[in-house]
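Structure first, commentary second.
Here, each number is a calculation from the coordinates, and none is a lab measurement. Because the structure is a prediction, the values reported are computed rather than measured. Because the Cβ atoms are built from the backbone with ideal geometry, glycine has one as well, and the counts that use them run over all protein chains shown.
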Amino acid sequence: MNKTTARNKYLMFFAIGIISFYLSGYILRGIHPPQSVYLMLLVYWILFGIGILVCKERSRGFVVKAFAVSFAALFLISAGFFAWGAYNHINSKAIDAERLQTVPDEFAVVTEEELNEYPALKEAITSQSIVKVRPGEWRRTIDYLTEKGSHTIKVGNEYYLIGFMTA
């Protein structure tokens, strides 16, 4: 086998590793770990077997190298994907403001001027929905309400229970 043919075959197995990841993501949507990992490996083995059949190279050395190249591609793209997911998960912060129908026993008064200094809190109160925020703004708002003494606040004549969420 010449160098160009060998390189093309190894590139094919590199592509098999990458395609296994994407194909698994498409096929396994909605399936949760650990079953999804097992099924991803099944998809990989099926594509790897098809690759061995297509390239018609059966030497032990070639099969081991092809496995190493394709599995490394699958492993690296999977590790990168999971690291990116973990990063997004850890930085996923939100603030929720629930309007209360009754006057609570304890609350902190927040003026409109103070509210303008915390745009995420203001947006949560205005929209009455969950607002995604940057981690710094999320922490700054928690610290502010902790200093005020309560996460239940009074703005104007309305009372709100402020919730802080992470993913």
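Percent relative contact order of region 3-90, based on C-alpha pairs within less than 8 angstrom and at least six residues apart?
Worked out over region 3-90, it gives 45 percent.
Hey, with R₀ at 45 Å, roughly what FRET efficiency would I77 and T111 work out to, going by the Cβ-Cβ distance, to 0.05?
Once the sixth-power term is evaluated, E becomes 0.30.
What order do you get for 148-155, 34-41, 89-96, 53-60 when each peptide is scored by the mean count of other beta carbon atoms within 10 Å, highest first?
148-155, 89-96, 34-41, 53-60
What's the tally of Lys pairs in the chain whose alpha-carbon atoms lie under 14 angstrom apart, where the two lysines are 8 or more places apart or on different chains?
5
Obtain the nm distance between the two label points defined at E123 and W45 by a simple spin-label model: each point lies 7 Å from its Cα along the Cα-to-C-beta direction.
In this crude spin-label approximation the distance works out to 4.8 nm.
Run the simple label-point estimate for A68 and R140 please: 7 Å along Cα→C-beta, distance reported in nm.
Reported label-point gap for A68 and R140 is 5.2 nm.
Order these by the 10 Å Cβ neighbour count, fewest first: Y26, Y144, Y118.
Y26, Y144, Y118
What ranking do L23, L145 get, fewest neighbouring Cβ atoms within 10 angstrom at the top?
Arranged by neighbour count, lowest to highest, L23, L145 become L23, L145.
Among V69, V133, which comes first, then next, by fewest other beta-carbon atoms within 10 Å?
The fewest-first ordering by Cβ neighbours comes to V69, V133.
Do the sum for the chain: with -39,500 (n - 2.57) for every DSSP H run of n ≥ 4, divided by all residues, what is the mean residue ellipticity at 222 nm, to the nearest 500 deg cm²/dmol?
Helix-only estimate at 222 nm: -21000 deg cm²/dmol.
So for region 57-141, taking the charge dipole from beta-carbon charges (+1 Lys/Arg, -1 Asp/Glu), which of L115, L76, V64 sits furthest toward the positive end?
V64
Report the FRET efficiency, 1/(1 + (r/R0)^6), for N157 and H89, where r is their Cβ-Cβ distance and R0 is 45 Å, rounded to 0.05.
It comes out at approximately 0.75.
Can you pull the one-decimal nm distance between simple spin-label points at Q101 and H32, each 7 Å off the Cα toward Cβ?
The answer from the label model is 3.2 nm.
When the Cα atoms of the chain are enclosed in a convex hull and the volume is divided per residue, what value in Å³ results?
160 Å³
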